[in-house]
Amino acid sequence: MQPTPFSVSLFLCAAAILSGAGCATPQEYGSFDVTLVNLTAPRAGGGGIGEAALNFTVRLQNGSPEALKGTGGSHRIYLNDVYVGQGLSNQETEVPRLATTTQNVAVHLSTFRLARSFHRMFASKTVSYRLESTVFVDRGHHTAKLKASKAGTVNVEELMAPTGGMLR
């Protein structure tokens, strides 16, 4: 019996799906986390009309038994559940196995988006934040994306104090 073109196509499609499934199995990276540990205003300006620049210090935590070689990352910031800006980094950063390191990221915030919630922020004396990060990791023959999200609150009075900010 001669195979029909349809059965040959079906066989090739199934073989392609099954062979691709083996490559899609994620590797175990252990726990990976990103935390916002500090924010400061840049010394010289930064930002234009409609935006403000801040320097964020983020802590990259590697819970894996292998070192992670970061090739860059994207960090999105939300204040009181409003997306206000993003910081991008193309800085290579190695996070040793079972260790942490910090990285400074310039973040450009939209003052237009912030203006809607400024009154509410200062009236409540606290601001909730959420940091959503994607860090790109060199895995030899491909680049992996590691994602992490962290949320917390900032006390506005302590942030405005001469000694700097307090993140919780």
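Using a/c under 1.5 as the rounded threshold, could you call the stretch 58-100 rounded, prolate or oblate? The axes a ≥ b ≥ c are square roots of the C-alpha gyration tensor eigenvalues, and prolate needs a/b larger than b/c, oblate otherwise.
oblate
Hey, got a sec? Which GluC sites (Glu not before Pro) in the stretch 80-149 land in a DSSP loop and have at most 12 other Cβ atoms within 10 Å?
Of the GluC sites (Glu not before Pro), the ones in loops of the stretch 80-149 whose Cβ has at most 12 other Cβ atoms within 10 Å are Glu92.
Heads up, I need the accessible area for Ser110: 1.4 angstrom probe, whole protein in place, Å², nearest 10.
For Ser110, the solvent-accessible surface is approximately 20 Å².
Probe radius 1.4 Å, ligands and nucleic acids left out: which of Asp81, Asp138, Asp33 has the largest accessible area, and how do the rest follow?
Of Asp81, Asp138, Asp33, the descending order of accessible area is Asp81, Asp138, Asp33.
Each residue of the stretch 65-77 in order: what ³J(HN,Hα) in whole Hz does its phi give by Karplus 6.51 cos²θ - 1.76 cosθ + 1.60, θ = phi - 60°, with x for Gly and Pro?
Those phi angles translate into x, 10, 5, 10, 9, x, 10, x, x, 10, 10, 9, 10 Hz.
Among Phe136, Phe32, Phe56, what's the order by accessible area (1.4 angstrom probe), most exposed first?
Highest to lowest solvent-accessible surface, that is Phe136, Phe32, Phe56.
The values are calculated or read from the model by the stated rules, or taken from the named source; none is laboratory data. As the structure is a prediction and not an experimental result, all values here were calculated from the model. Quick reminder, even Gly has a Cβ in these numbers, built from the backbone with ideal geometry, and neighbours come from all protein chains shown. With ligands, DNA and RNA removed, areas are computed over all heavy atoms of the protein, side chains included. Shrake-Rupley method; radii C 1.70, N 1.55, O 1.52, S 1.80 Å.
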